Every structure is written in structure tokens, then in C-alpha cells.
Amino acid sequence: MALSIEEVHPAKAVRDLDEAPLVRHSILPLPGHWGDLTFELRNHIEGWITVIRGSQTADTGHPLLLAGGWISPPRESGATAVLHPRLEEAEVALGRALADAVTVTACTTKSWDDNNRIAVAQEAGTARWMAAWLHNGVPGFTEHDSWKAAQTDAARQLDAMADSFILTGDTYTAAIASAHLRRCANQVRAQVFTADLGNVIRSHKEEMQNERRVTTIANGLGVQRPFLYRVFKGTEWTQ
């Protein structure tokens with residue numbers, strides 16, 4: 001029985017799936033993984049099949065493209081498969097799946113719409129950070145070894161998105177979207193600069209207290225003295 005391209009299948013229902021060769025994805029190396037999830041693209045006798053194995057606390061579904069656009073039906077088994085009519089569509093579907101998995105665990109998210117968005121997250125239990133985005137529906141990813149590096153790269157990518165034409169359906173909305181994404185880039189940079197400022201303050205905490213200059217420094221920063229003590233404790237102005 002031929003597989004439908006309009007539904008998510010349990011992987012075990014796809015005959016000889018594991019024997020189908022893995023395909024090198026043009027966007028990310030495969031099999032990719034995030035947390036307990038793995039992402040595969042296979043050249044099956046039925047066609048191009050995306051496979052997601054594993055689970056995470058928040059199910060983000062398995063992307064597939066219908067006439068009305070992308071949807072992500074829930075995954076009802078630990079390994080799911082979707083048949084795609086074209087390789088390009090399968091690549092985007094798998095990229096969207098990984099981007100969605102990163103987004104649901106993200107510490108930073110910025111977006112205009114579902115096709116123009118970015119997220120920064122740390123993989124649970126590891127030192128691996130990722131910036132994942134969709135730009136006019138095309139997914140992209142970079143991996144990093146620190147929050148600061150991932151945030152800085154996310155800001156750079158938001159600038160690149162703002163510099164391009166955002167597909168919104170008309171020119172004035174595209175101009176607004178670009179300006180918004182530029183602002184988002186600066187907001188992400190501000191998070192990095194604020195954390196850097198907090199680190200400098202914390203590194204001089206002892207001197208400030210010994211010289212009784214906490215109030216003076218707080219005034220210079222435009223904050224109240226109690227706020228500065230929260231900075232000392234690492235509950236404010238940190239990553």
C-alpha cells in the first residue's frame with residue numbers, strides 16, 4: 001500500500017525504512033540530533049522520507065506541507081515518518097522540525113512570523129548551544145560552545161534577515177518586518193552587553209563594598225541600591 005504524503009506515519013509502518021540510505025542534508029549534517037530527538041532524511045523506494053525518532057517534553061510535531069502551508073501534526077509514536085514529493089521539501093521539513101525542537105527549549109526567541117524567526121537554546125545536559133532560524137521559510141543553524149557566542153550569532157543572523165526582503169505579501173509590511181527584525185537584533189545584543197556589564201560589576205563587588213561605593217555605582221548605573229545587590233547575587237544582568 002502506497003504511503004500518503006498528507007499524514008504522519010509510525011516509522012514501523014514504513015517497509016524497509018531502516019535499509020533506505022541516509023541522505024546528506026544541504027542545511028545540516030544527518031542524522032542530526034537535539035536532546036533525545038534524532039532527525040533523518042532517507043531516500044526510500046516510496047520517495048523522500050523524513051524520520052524523527054525519540055521524544056521531548058513538549059511535542060512539536062512532524063512537519064509536512066499541505067496546500068495551505070506547513071503544519072506539524074502531533075507525533076503519536078516514538079519514531080515517525082513523513083513522505084515528501086520533492087527532496088527540497090523534505091530538507092525544509094526536517095530543518096523546520098529541528099528548529100521547532102530548539103525553539104521549544106529556547107532561552108531567547110525573536111520572530112516576525114512562523115517563517116521568519118530565530119531561537120537560541122542549550123541542549124540539556126551538554127555544553128552545546130544552537131542558534132536555529134527560519135528566514136523566508138528556509139531553515140538554518142549554527143552550533144556554539146557558549147551562550148554568548150550563540151546570542152552574538154543570533155543577532156548577526158537577525159541583521160542579515162533585516163537586510164533582505166522579507167516575504168510578507170506587500171512592500172510596506174516587508175519594510176516594517178525588516179525594521180522589527182533589526183530591532184530584535186539589537187535587543188539580543190543588549191542581552192549580551194547587559195550580561196557583560198553584570199559580570200564586570202560582580203568581579204568588582206568586594207572593592208565596591210570595601211570602599212563603600214555601592215550607592216555611588218548604583219546612581220551611576222541609574223538603578224536602586226537593592227537592584228545592584230541582586231546583580232551581585234547573579235539574579236539580574238546575567239545570561
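Restricting region 109-182 to chymotrypsin sites (Phe, Trp or Tyr not before Pro) that sit in a DSSP loop and have at most 14 other Cβ atoms within 10 Å of their own Cβ leaves 165. Report note on the peptides 84-91, 149-156: ranked by the mean count of other C-beta atoms within 10 Å, highest first, their order is 149-156, 84-91. For region 52-71, backbone nitrogen atoms closer than 17 Å to the point 7 Å from residue 7 Cα along Cα-to-C-beta are found at 62-67, 71. Net charge of the neighbourhood of residue 126, taken over other residues with C-beta under 14 Å away and scored Lys/Arg +1, Asp/Glu -1, is -3. Note on region 105-232: Cα-Cα pairs beyond 24 Å make up 44% of the total pair count. With r as the distance between the Cβ atoms of residue 145 and residue 200 and R0 = 30 Å, compute the FRET efficiency 1/(1 + (r/R0)^6) and round to 0.05. After rounding, the FRET efficiency stands at 0.85.
Stretched out fully, how many nm does the piece from residue 182 to residue 59 gain, at 0.36 nm a residue minus the Cα gap?
41.2 nm
Packing-wise, with mean Cβ within 10 Å as the measure, how do 217-226, 115-124 rank, highest first?
Working: 217-226: 12.5, 115-124: 21.5.
My ranking of the peptides, most packed first, is 115-124, 217-226.
Heavy atoms only, probe 1.4 Å: what % of the accessible area of the chain goes to carbon and sulfur, would you let me know? Ligands and nucleic acids excluded, carbon and sulfur reach 52 percent.
Between residue 223 and residue 71, full extension at 0.36 nm per residue minus the direct alpha carbon distance yields a gain of 50.2 nm.
Mean separation of Cα pairs under 8 Å and 6 or more residues apart, divided by the residue count, gives region 52-211 a relative contact order of 13 percent.
If r is the Cβ-Cβ distance from residue 238 to residue 165 and R0 is 35 Å, what FRET efficiency results, to the nearest 0.05?
On the way: r = 37 Å, r/R0 = 1.05.
Approximately 0.45, to the nearest 0.05.
The values are calculated or read from the model by the stated rules, or taken from the named source; none is laboratory data. Fair warning: this is a prediction, and the values are worked out from it, not measured in the lab. Here the Cβ is made from the backbone with ideal geometry for all residues, glycine too, and neighbour counts use every protein chain on show. Side chains are part of the model used for accessible areas, which takes the heavy atoms of the whole protein and leaves out ligands, DNA and RNA. Shrake-Rupley method; radii C 1.70, N 1.55, O 1.52, S 1.80 Å.
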